[in-house]
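The values are calculated or read from the model by the stated rules, or taken from the named source; none is laboratory data. Just so it is clear, the model here is predicted, and its values are computed rather than measured. Areas reflect the complete protein model, heavy atoms only, side chains present, ligands, DNA and RNA absent. Shrake-Rupley method; radii C 1.70, N 1.55, O 1.52, S 1.80 Å.
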Amino acid sequence: ATVIGREAHRLDALAPRAIYDIDEATSYVADRLPSDSQARLTYVELRKMLAMHMSWLESKGLQPKDVTDRRQDITESVVFGEETLTAYLLGEAAEARIEVLDDVDVVHVVRAHLDYFEAIGAVGPSASSTDL
């Protein structure tokens, strides 16, 4: 019983294993885009935008390295809105020469990608008004 209790306590302190798979994420997001957005964005463009999103997360410290079996050590809340990420992706898409015919397509990509993060357990709780 002591060994089971100790192991349960150790596992409780570890970060959950949320595994991000770019291929799975691309399929997940593509399947959830409205048909108009699906018609305007290629699979390759979508994958590039998701990779850009992951780079942005890393630049904000939200994609730490070596998190497997590491104690959770998050000390401060990081809050960002869909608008910030959408604006970033629109700028990066233009630099990467991804032709975005309608800005709403990027909004849909952002929402579906955030839904993917939630589906794999990679996001924390939504911010309350006191966090803002």
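Checked against (1) at pLDDT below 95; (2) within 16 Å of Ile22 (Cα to Cα); (3) open to solvent by less than 60 Å² (accessible area, probe 1.4 Å), Val109 passes all but a single condition, namely (1). Within the set Val44, Val67, Val104, the sole residue that is open to solvent by 50 Å² or more (accessible area, probe 1.4 Å) and modelled with pLDDT under 90 turns out to be Val67.
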